[in-house]
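This report concerns only the one structure given below.
The values are calculated or read from the model by the stated rules, or taken from the named source; none is laboratory data. Computed from a predicted structure; not experimentally measured. Reconstructed Cβ throughout: ideal geometry from the backbone, glycine too, with neighbour counts over all protein chains shown. What goes into the accessible areas is simple: the full protein's heavy atoms, side chains included, and nothing from ligands, DNA or RNA. Shrake-Rupley method; radii C 1.70, N 1.55, O 1.52, S 1.80 Å.
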Amino acid sequence: MIDYRDAGPGDGEALGRMAAAAFTETFGPLYPPADLAAFLDEAFGPGGLPRQVDDPDFTIRLAVADGAIIGFAKLGPVGFPGTWPEDAVELYQLYVASSHLGAGVGPVLMDWAIATARAGGASQLILSVYVDNHRAKAFYARYGFVDIGRFDFPVGATIDEDRIMRLSL
């Protein structure tokens, strides 16, 4: 059985480990080891995702099975360069462990993200996705997200092309 709940005190370390494992499994082979290690530490180490669990600017929803985090979605203020409406919200991550892909976790987390953004008065939900992550791009397109431009996403010294996608709420 999969349970869904908001992240809270004490979830940071396990959440960081789950996120690092999911990122590494999906994208790890694309990067030199030093670049991957630098990114994982910055994004999911103690100063990254675990710290954001207690940051009021971010809202994180967890999917938990047998006491382990198997997915999450994180919302917060738009961090992309450019001019964005003040009421726009960014979906920073929506990760699901490979063991639970196809189990409906992604749709539940996306439904939560959209509902939460709307309930907060957001006019747009913004995200970025790796240009060659066709599965994720198709998933977002099914929800009505449209590609609005390029974003250079750094992983260590490697710069990847991400696509910025927007959903008008």
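For segment 1-67, a/c is not less than 1.5, where a ≥ b ≥ c are the root eigenvalues of the C-alpha gyration tensor, and a/b does not top b/c. That puts it in the oblate class. Please check which bits of segment 130-156 a label hung off Thr83 would reach, taking the label as a point 7 Å along Cα-to-C-beta and the cut-off as backbone N under 19 Å. Within reach of a label on Thr83: 148-150.
Between the residues Val96, Ala37, Val108, the greatest Cα displacement towards the positive end of the dipole of the chain, with unit charges on the Cβ of Lys, Arg, Asp and Glu, is found for Val108. Entry comment: accessible area of the chain is 50 Å² per residue, from protein heavy atoms only and a probe of 1.4 Å.
Only helices enter the 222 nm calculation for the chain: every DSSP H run of n ≥ 4 contributes -39,500 (n - 2.57), and dividing by all residues gives -10000 deg cm²/dmol, rounded to 500.
Comparing segment 59-124 with the 2.2 N^0.38 Å rule of thumb, its C-alpha radius of gyration ratio is 1.21 (two decimals).
Overall, the accessible surface of the chain at a probe of 1.4 angstrom is composed of carbon and sulfur to the extent of 53 percent. Three principal axis extents of the chain based on alpha-carbon atoms, in descending order, are 37, 34, 30 Å. With the charge dipole of the chain set up from +1 on Lys and Arg Cβ and -1 on Asp and Glu Cβ about the Cα centre, the Cα lying farthest toward the positive end among the listed residues Thr24, Ser123, Phe72 is that of Ser123. Distance from the C-alpha centroid of segment 1-23 to that of segment 74-93: 22 Å, rounded to the whole angstrom.
Value of Rg to Rh for segment 30-86, rounded to two decimals, is 1.05; Kirkwood radius and Rg both from alpha-carbon coordinates.
First check a/c for segment 83-169, with a ≥ b ≥ c the square roots of the eigenvalues of its C-alpha gyration tensor; if it is under 1.5, answer rounded, and if not, answer prolate when a/b is larger than b/c or oblate otherwise. Since a/c reaches 1.5 but b/c is at least a/b, the shape of segment 83-169 is classed as oblate.
Mind running the shape call on segment 86-133? Use the C-alpha gyration tensor, a ≥ b ≥ c as the square roots of the eigenvalues: rounded below 1.5 for a/c, prolate if a/b tops b/c, oblate otherwise.
oblate
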